[in-house]
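Written below as structure tokens is the structure these notes are about.
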Amino acid sequence: MASTTTRLISFEEFEQLPESDWMRQELHHGELIEVPPPIQRHKRIEHRLQQFLQIAAGPAGVVTTEMGFRPVIGNEYLIADVVFISQEIWDAIPPDRYMVGAPELVIEVLSPSNKTKRMSYRRKICLENGCREFWIVDPEQRKVEVSTPDGHSISYQPGQEISLFFAAGSTVAVDAIFE
């Protein structure tokens with residue numbers, strides 16, 4: 001279960017907070033959100049996706065997990081489960097700063113702390129700030145919902161494959177995500 005602060009804080013105040021020993025910290029409109037770390041099933045899905053996507057991306061980009069970024073300048077800071085960032089954008093991120101804008105691909109794996117309202121917020125802010133695709137991976141229903149900035153969403157089921165916009169001709173099999 002996520003917990004929140006009782007007062008709004010600025011991004012600068014957020015940066016000064018001590019790191020939590022076990023909670024991930026995000027900032028949503030100035031509200032500190034603390035989320036427990038993911039369970040093993042969640043981490044396994046993240047790891048499989050990272051492997052599949054990095055092989056497909058090759059030198060064209062970076063695929064990483066637990067990526068923190070500032071989708072907009074202001075009092076926002078999110079941590080995505082899995083992201084793809086083109087090499088050009090990755091190289092432009094200052095080493096002592098956070099990415100500003102959303103990664104081109106953001107993937108969130110549903111868990112008890114990632115409920116529908118939170119995912120709607122994340123999808124909206126990412127797609128409005130540079131994200132080309134936002135995936136919601138549902139381990140319970142074994143499906144993946146892919147949303148794009150034009151308002152379209154497609155739900156992929158077992159037996160289907162998801163085309164990767166950053167690697168022409170490459171796909172990820174839905175079944176492989178949940179092995």
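The values are calculated or read from the model by the stated rules, or taken from the named source; none is laboratory data. Given the structure is predicted, the values throughout are model-derived calculations rather than measurements. Note that each Cβ is placed from the backbone with ideal geometry, even for glycine, and that neighbours are counted across all protein chains shown.
Summary table
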| item | result |
| --- | --- |
| Single unsatisfied condition, residue 44 versus (1) crowded, with 16+ Cβ neighbours inside 10 Å; (2) in contact (Cβ under 8 Å) with a residue 24 or more places away in the chain; (3) under 23 Å from residue 176 (Cα atoms) | (2) |
| Those residues of the range 117-135 which are free of Cβ contacts under 8 Å to residues at least 24 places away in the same chain and touching an Asp or Glu at 6+ places or on another chain (Cβ under 9 Å), in sequence order | 119 |
| Which listed residue, of 10, 20, is small (Gly, Ala, Ser), surrounded by fewer than 13 Cβ atoms within 10 Å (Cβ to Cβ) and out of contact with any strand residue (DSSP E or B) (no Cβ under 7 Å at 6 or more places or on another chain) | 10 |
| Selection count, the range 133-179, where residues are in a loop (DSSP other than H, G, I, E, B), within 21 Å of residue 44 (Cβ to Cβ) and not aliphatic (A, V, I, L, M) | 10 |
| Criterion: among the charged types (D, E, K, R), closer than 20 Å to residue 120 by Cβ and more than 17 Å from the chain's Cα centre (by Cα) - qualifying residue of 15, 26, 31 | 31 |
| Test for residue 46: is it more than 13 Å from the chain's Cα centre (by Cα) and either modelled with pLDDT of 95 or more or not basic (Lys, Arg) (or both) | no |
| Those residues of the range 91-108 which are modelled with pLDDT of 95 or more and under 15 Å from the mean Cα position of the chain (by Cα), in sequence order | 99, 100, 101, 102, 103, 104, 105, 106, 107, 108 |
| Some residue of the range 83-91 being surrounded by 19 or more Cβ atoms within 10 Å (Cβ to Cβ), under 25 Å from residue 140 (Cα atoms), touching a Phe, Trp or Tyr at 6+ places or on another chain (Cβ under 9 Å) and not aliphatic (A, V, I, L, M) | yes |
